Amino acid sequence: MELASVQTIRHLSQKYGFSFSRDLGQNFLVDSRIPEAIAEGAGVEGKCVLEIGPGIGSLTVCLAARAKKLCALELDRSLLPILDETLSPFQNASVVWGDVLKTDLSALVSEKFGSGEKLCAVSNLPYCVTTPAILRLVGSGLFESVTVMIQKEAAKKLLCDPGGEDWCLFSALVRSRAGVKKLFSVSKGCFYPQPKVDSTVLRLELLPEKSREETEVFEKTAKAIFGQRRKNVKNTLSLLPGLTPEKAELLLISAGIDPKRRGESLSVEEISSISTLMVQRIQKDR
Ligand code: SAM
């Protein structure tokens with residue numbers, strides 16, 4: 001059965017009494033070349049895969065055909081009987097009901113895959129949870145790669161250069177944890193129901209993990225900087241506990257950054273230099 005087709009979606013919806021929910025971002029793929037290309041681009045051969053939001057399973061079957069094991073996490077219970085049917089040929093695939101924003105992912109993957117496995121996350125993400133879901137997946141420390149299809153505008157935030165209008169806290173938080181590669185664009189005509197905008201498929205390759213303290217200080221620093229992105233970075237940093245404007249200026253000079261620059265112009269590497277110096281200060285003061 002070809003799952004990525006309007007006819008199949010209508011047939012299965014009727015058979016199981018499923019109706020689309022706009023709130024859950026349910027735009028299903030109806031061009032069979034796309035799920036194949038996502039599964040190929042995600043590089044999941046022989047690996048364990050967590051898929052978020054399988055829908056009726058059109059991407060899931062392409063992933064399961066390549067992966068060692070697959071677990072799909074779906075929030076809409078009414079899709080579970082459909083997935084029972086569409087995934088029945090795949091002994092290596094299972095479906096769990098749950099919310100990607102609330103499920104204990106670490107417990108889930110250790111239950112499903114055991115420990116020491118190379119894990120990939122893959123998703124045609126519902127647009128309503130794009131930002132928090134990506135931050136959760138890349139921040140979990142569980143995956144070597146996260147391949148996502150997201151709306152074109154959201155993808156721009158992860159692909160842009162520092163200082164541009166798309167560069168924001170989300171860009172810096174993700175790029176501090178992962179290298180971001182664009183795989184390909186997908187026209188809105190490849191989905192049913194058709195959304196208003198085109199999508200982009202990205203592969204995020206996770207970077208080596210930093211210490212918990214470094215990560216926390218980086219995130220606090222980035223939040224302060226982008227909280228008032230147009231202000232000069234000396235002023236925004238001085239809002240952090242223990243940093244007067246004078247101390248913030250000295251810190252920036254030590255990091256080789258002009259204190260008068262606007263916060264929004266700073267790259268991940270520059271924010272990292274600031275937060276590394278802050279961690280050193282914290283450790284010295286202990
Ligand atoms: N993978 C299918 C495809 O490509 O055709 C469906 C993708 S559709 C854009 C998003 C899917 O995510 C839907 O099945 C929806 O029910 C599910 N979903 C929405 N919010 C979710 C959440 N918070 N956690 C897990 N799944 C969610």
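Could you provide, to the nearest whole Å², the per residue accessible area of the range 1-138 with probe 1.4 Å?
For the range 1-138, the solvent-accessible area averages 44 Å² per residue.
Quick one: check the C-alpha center-to-center distance for the range 127-193 versus the range 233-262, whole angstrom.
29 Å
Please work out the Kirkwood hydrodynamic radius for the range 135-252, using every pair of different C-alpha atoms, and report it in angstroms with one decimal place.
For the range 135-252, the Kirkwood estimate is 16.1 Å.
Would you work out which of G53, I225, V146 lies farthest towards the positive end of the dipole of the chain? Charges go on Cβ: Lys and Arg +1, Asp and Glu -1.
Of the candidates, I225 comes out farthest on the positive side.
Cα-based Rg of the range 1-157 per 2.2 N^0.38 Å, rounded to two decimals?
0.96
Can you bin the range 75-200 into rounded, prolate or oblate? Criterion: square roots of the alpha carbon gyration tensor eigenvalues sorted a ≥ b ≥ c, rounded for a/c under 1.5, prolate for a/b above b/c, oblate for the rest.
Cα axes put the range 75-200 in the oblate bin.
Quick one: which residues, 5+ away or cross-chain, put their amide H under 5 Å from the amide H of V186? H built at 1.01 Å from N.
Residues meeting the criterion, in which the H sits 1.01 Å from N, are S199, T200, V201.
Charges at C-beta only: +1 for Lys and Arg, -1 for Asp and Glu. How large is the resulting dipole of the chain about its Cα centre, in Debye rounded to 20?
Result for the chain is approximately 640 debye, rounded to the nearest 20.
If a/c stays under 1.5 just call it rounded; otherwise compare a/b with b/c (prolate if a/b is bigger, oblate if not). Do that for the range 243-286, with a ≥ b ≥ c from the square roots of the Cα gyration tensor eigenvalues.
oblate
For a quick protection proxy, order the peptides 163-173, 104-114 by their average other-Cβ count within 10 Å, most packed first.
With the highest mean Cβ count within 10 Å placed first, the list reads 163-173, 104-114.
For the chain, give the percent of accessible area contributed by carbon and sulfur heavy atoms, probe 1.4 Å, rounded to a whole number.
50 percent
How long are the three semi-axes of the equivalent ellipsoid for the chain, computed from the Cα gyration tensor as the root of 5 times each eigenvalue, in whole Å, largest first?
Equivalent ellipsoid of the chain: 40, 20, 15 Å, largest first.
The values are calculated or read from the model by the stated rules, or taken from the named source; none is laboratory data. Source: prediction; values computed, not measured. Quick reminder, even Gly has a Cβ in these numbers, built from the backbone with ideal geometry, and neighbours come from all protein chains shown. Ligands, DNA and RNA are stripped out before the accessible areas are found, and what is left, the full protein with its side chains, is counted by its heavy atoms. Shrake-Rupley method; radii C 1.70, N 1.55, O 1.52, S 1.80 Å.
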